[in-house]
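J.: Structure in structure tokens, see below.
The values are calculated or read from the model by the stated rules, or taken from the named source; none is laboratory data. Small disclaimer: the values here were computed from a predicted structure and weren't measured. Note: ideal-geometry Cβ built from the backbone for every residue, glycine included; neighbour counts use all protein chains shown. Note: areas computed on protein heavy atoms with side chains; ligands, DNA, RNA excluded. Shrake-Rupley method; radii C 1.70, N 1.55, O 1.52, S 1.80 Å.
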Amino acid sequence: AAEKRDASGVLSLVSETYFDDAGTPDPNDDIDFEQLKKALPDDYKKLVAVRLDLTIKKINVEGESATADLFFDNHYRMNTKKGEVAKQDSDLHRMTFKKESGKWKVVAGL
């Protein structure tokens with residue numbers, strides 16, 4: 001869904017209890033489900049192409065909660081005021097999940 005820039009497809013994998021503090025104490029970069037639902041379609045409209053490679057390093061499941069430590073390598077082209085620009089990001093990352101109605105949903109870490 002991310003590579004197709006399909007916001008509704010990505011959101012279908014996300015819990016309505018989603019909350020991410022971006023790993024900082026600054027509340028200005030926090031995002032919840034409602035904010036994500038508004039921001040994701042706008043963000044995807046700026047992208048021309050996306051290639052996302054994920055390598056899962058570790059998965060930890062404890063009952064109805066789980067974390068996945070992964071390495072992501074994201075290559076994309078986006079429209080800017082100066083035209084189309086190629087970008088690349090890569091880093092270690094943690095996603096947090098919970099089981100809701102028998103399905104795993106992302107609760108933090110997009």
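J.: So, Leu70, is that one within 20 Å of Ser8 (Cβ to Cβ) and in a strand (DSSP E or B) or not?
T.: Considered against the rule, which asks whether it is within 20 Å of Ser8 (Cβ to Cβ) and in a strand (DSSP E or B), Leu70 comes out as no.
J.: Next up: Looking only at residues that are touching a residue at least 12 places away in the same chain (Cβ under 8 Å) and among the β-branched types (Val, Ile, Thr) in segment 7-66, which one is farthest from Val85 (Cα to Cα)?
T.: My answer is Thr17.
J.: How many of the residues making up segment 58-84 are surrounded by 12 or more Cβ atoms within 10 Å (Cβ to Cβ) and either modelled with pLDDT of 95 or more or touching an Asp or Glu at 6+ places or on another chain (Cβ under 9 Å) (or both)?
T.: Residues that pass the stated criteria total 16.
J.: Still on this model: If we scan segment 38-48, do we find a residue that is at pLDDT below 95, open to solvent by less than 90 Å² (accessible area, probe 1.4 Å), over 16 Å from Leu13 (Cα atoms) and part of a strand (DSSP E or B)?
T.: Yes, segment 38-48 contains a residue that is at pLDDT below 95, open to solvent by less than 90 Å² (accessible area, probe 1.4 Å), over 16 Å from Leu13 (Cα atoms) and part of a strand (DSSP E or B).
J.: So, one more: Going residue by residue through segment 14-26, is there one that turns out to be more than 17 Å from the chain's Cα centre (by Cα), part of a helix (DSSP H, G or I) and either of a type outside the set (Val, Ile, Thr) or surrounded by 12 or more Cβ atoms within 10 Å (Cβ to Cβ) (or both)?
T.: no
Rundown of residues vs (1) within 22 Å of Glu16 (Cα to Cα); (2) not charged (D, E, K, R), yes/no style:
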position: Leu54; (1), (2): no, yes
position: Val61; (1), (2): yes, yes
position: Ala66; (1), (2): yes, yes
position: Thr80; (1), (2): no, yes
position: Asp89; (1), (2): no, no
position: His93; (1), (2): yes, yes
position: Lys99; (1), (2): yes, no
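J.: Would you say Leu54 is aliphatic (A, V, I, L, M) and more than 15 Å from Gly109 (Cβ to Cβ)?
T.: no
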